[in-house]
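In what follows, a structure is listed as structure tokens, so that the remarks can point back to it.
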Amino acid sequence: MPQSGTLQVAIVGSGPSGFYAAEALLRAKPGAAVDMFDRLPTPFGLVRGGVAPDHPKIKQVILVYDKIARSPGFSFIGNVTVGRDIAVADLQAAYHVVIFANGADADRRLGIQGEDLRGSHTATEFVGWYNGHPDYRDRVFDLSGETAAVIGQGNVAADVARILATPVDDLRRTDIAEHALEVLAESRVREIHIIGRRGPAQAKFTSVELKELGKIRGCAVSIAAGDLELNGACQAELADPRGDENRKNVDVLRGFAGIPAGAGGRRLCFRFLATPLRFSGPGRVETITLARNRLQGEPFRQVAIAASETVELPCQLVFRSIGYKGTPLPGIVFHEGTGTVPNRKGRVLDREAPVPGLYVTGWIKRGPTGIIGTNRADSVETVAAIVEDLAGLDLSPRPGSAGLLPALQARGLRPVSYAGWQAIDLVERARGEPKGKPREKFTRIPDMLQTIDGGRSTGPSALE
Ligand code: NAP
């Protein structure tokens with residue numbers, strides 16, 4: 001039980017930015033009580049539910065988060081949705097400081113005809129599905145057609161294309177969900193188009209992720225030779241230090257030309273300067289109509305201008321991977337245009353004025369950009385703002401979780417502690433072992449809760 005006089009902090013969201021905020025806070029204010037809320041019984045956000053199963057090294061960052069979670073003063077409160085099970089106002093009453101680290105969970109839309117036809121999906125759904133995220137457990141993907149398209153040329157598009165192109169046997173020893181393995185094993189997809197509205201010099205992949213696309217066993221890569229010809233503004237971008245990553249990408253793409261297919265192998269086709277105008281077909285996607293674009297504008301500000309020329313691409317499956325945006329949480333200001341919470345260095349702003357005690361970090365603060373490590377500096381900045389503001393905050397005693405949990409439990413909710421997650425973790429690892437997988441995830445929340453009960457027999461509440 002925290003002492004009176006303890007700084008009570010709530011963090012909403014248990015992904016990278018939330019954990020880095022907890023780490024920075026506990027470092028700056030040893031003795032603080034940090035409660036981290038998540039709507040799932042499992043922590044780690046996109047590291048568990050987003051990072052591709054064939055990227056185990058990236059997932060090792062969980063070891064860092066696990067260490068933070070074991071620090072004195074830290075508590076995990078999973079299976080509780082802020083904004084539904086607890087109002088933001090209740091958090092404000094129970095804690096001195098509330099940090100929103102709830103990410104950007106909505107998909108940007110193309111806004112074109114046929115976007116919602118059968119066979120057209122968001123990358124988010126597919127990624128969540130193969131990663132065993134409970135929200136996407138029951139999604140159905142029909143992989144019986146030979147041609148798929150991924151719209152967008154960022155790292156999420158690269159993940160989706162790679163999972164579609166990789167021989168299923170190369171995924172069997174990853175933590176990919178079993179239901180996804182079964183469907184991927186039957187996949188008849190042979191050709192995967194990765195479609196970008198701008199050119200190779202503007203693609204958003206990081207070069208390490210792009211390189212991997214040339215190393216998939218048995219998979220050919222094709223790029224129309226003309227697509228690698230660059231205009232003057234593109235050449236200026238690549239000559240500028242700001243274009244370092246883009247230059248590496250263009251070099252990688254040039255190196256891809258002519259990687260042959262292996263026997264029975266698949267093909268990745270990069271298509272640049274192409275904007276989808278519509279998806280069409282009777283009842284499901286059969287064709288994508290693409291406008292051929294040219295680039296216009298100053299270096300680093302070039303935009304795609306559609307020409308009248310169009311191309312019809314026969315295609316039975318589409319994944320839209322054009323970025324995310326945040327969603328509003330009742331009780332906190334939100335900017336629809338940017339999909340973020342207005343803030344200055346992490347301080348939530350309402351009509352330009354800081355709201356005492358409310359902060360943001362991660363994608364809900366800056367938008368869906370950067371890699372996992374980007375969130376560390378972001379959270380350090382937010383925590384520096386908190387520390388600077390403490391003298392001006394009302395620091396009269398607050399109850400923290402002790403003021404909230406009994407009411408949640410009385411309403412039949414089942415908050416899950418870090419020990420509860422550890423019980424799930426242990427069983428997931430054991431389920432994976434006979435298959436040579438690092439874990440076999442639980443993909444349904446009731447199964448997770450039952451596992452906690454089974455392992456710990458703690459009665460109705462999984463939170464001690
Ligand atoms: P992203 O990097 O922002 O890429 C979005 C892509 O969609 C861009 O190619 C963009 O083109 C395109 N796009 C946007 N609006 C469009 C429209 N209306 N029509 C056609 N194309 C459109 O987003 P992301 O791939 O979702 O990734 C999000 C973040 O997570 C990134 O920072 C990424 O690096 C990170 N991530 C990292 C890893 C990793 O490190 N392994 C893995 C996954 C994700 P324009 O450039 O023309 O806008």
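The values are calculated or read from the model by the stated rules, or taken from the named source; none is laboratory data. Treat the numbers as computed from the prediction; the structure is a model and nothing was measured. Virtual Cβ from ideal backbone geometry, glycine too; neighbours counted across all protein chains shown.
Observations
- Test: Thr340 is within 30 Å of Val360 (Cα to Cα) and either of a type in the set (Val, Ile, Thr) or more than 16 Å from the ligand (Cβ to nearest atom) (or both): yes
- Qualifying residue in the range 295-307 (condition: surrounded by fewer than 16 Cβ atoms within 10 Å (Cβ to Cβ) and modelled with pLDDT under 95): yes
- Number of the exception - Val127 against (1) of a type in the set (A, V, I, L, M, F, W, C); (2) surrounded by fewer than 22 Cβ atoms within 10 Å (Cβ to Cβ); (3) in contact (Cβ under 8 Å) with a residue 24 or more places away in the chain: (2)
- Only one entry of Ser71, Ser17, Ser75 meets the criterion of being among the hydroxyl-bearing types (Ser, Thr, Tyr) and within 16 Å of the ligand (Cβ to nearest atom), and that entry is Ser17.
- Considering only residues in the range 105-124 that are within 28 Å of Asp425 (Cα to Cα) and not hydrophobic (A, V, I, L, M, F, W, C), the one that is farthest from the ligand (Cβ to nearest atom) turns out to be Asp105.
- Restricting attention to the range 370-414, the residues that are closer than 22 Å to Pro16 by Cβ and more than 22 Å from the chain's Cα centre (by Cα) total 5.
- Flag if Leu7 is closer than 22 Å to Val416 by Cα and of a type in the set (A, V, I, L, M, F, W, C): no
- Just so you know, in the range 147-179 the residues that are among the β-branched types (Val, Ile, Thr) and in a helix (DSSP H, G or I) include one that is farthest from the ligand (Cβ to nearest atom), and it is Val168.
- Counting only helices (runs of 4 or more DSSP H) that sit completely within the range 1-107, those holding 2 or more residues that are farther than 22 Å from Pro397 by Cα, of a type in the set (Gly, Ala, Ser) and under 22 Å from the mean Cα position of the chain (by Cα) correspond to 16-28, 45-49.
- Given (1) more than 26 Å from Ala161 (Cβ to Cβ); (2) touching a residue at least 24 places away in the same chain (Cβ under 8 Å), number of the condition Val333 does not satisfy: (2)
- Across the range 317-331, the qualifying residues are those that are of a type outside the set (Val, Ile, Thr) and either surrounded by 21 or more Cβ atoms within 10 Å (Cβ to Cβ) or touching a Cys at 6+ places or on another chain (Cβ under 7 Å) (or both), and the one among them that is nearest to Val82 (Cα to Cα) is Gly326.
- Residue within the range 270-280 that is crowded, with 18+ Cβ neighbours inside 10 Å, away from the ligand (no atom under 16 Å from the Cβ) and not in a loop (DSSP other than H, G, I, E, B) present: no
- Filtered residues of the range 298-314 (kept if within 15 Å of Ala274 (Cα to Cα) and either within 14 Å of the ligand (Cβ to nearest atom) or in contact with a strand residue (DSSP E or B) (Cβ under 7 Å, 6 or more places away or on another chain) (or both)): Gln302, Val303, Ala304, Ile305, Ala306, Ala307, Glu309, Thr310, Val311, Glu312, Leu313, Pro314
- Applying the set (1) more than 30 Å from Glu186 (Cα to Cα); (2) surrounded by fewer than 22 Cβ atoms within 10 Å (Cβ to Cβ); (3) at pLDDT 95 or above to Gly255 leaves exactly one unmet item: (3).
- Of the strands (runs of 3 or more DSSP E) entirely within the range 310-422, none holds at least 2 residues that are under 30 Å from Ile452 (Cβ atoms) and polar (S, T, N, Q).
- Val127 being within 16 Å of the ligand (Cβ to nearest atom) and either more than 16 Å from the chain's Cα centre (by Cα) or closer than 20 Å to Ile371 by Cα (or both): yes
- Taken together, Ala161, Ala180, Ala165 contain a single residue that is small (Gly, Ala, Ser), buried (at least 20 other Cβ atoms within 10 Å of the Cβ), touching a Lys or Arg at 6+ places or on another chain (Cβ under 6 Å) and under 30 Å from Arg429 (Cα atoms), which is Ala165.
- Residue in the range 183-193 that is within 16 Å of the ligand (Cβ to nearest atom), free of Cβ contacts under 8 Å to residues at least 60 places away in the same chain and of a type outside the set (Lys, Arg) present: no
- In the range 348-372, residue surrounded by the fewest Cβ atoms within 10 Å (Cβ to Cβ) [restricted to those that are without any contact (Cβ under 8 Å) to a residue 60 or more places away in the chain and within 30 Å of Thr206 (Cβ to Cβ)]: Thr369
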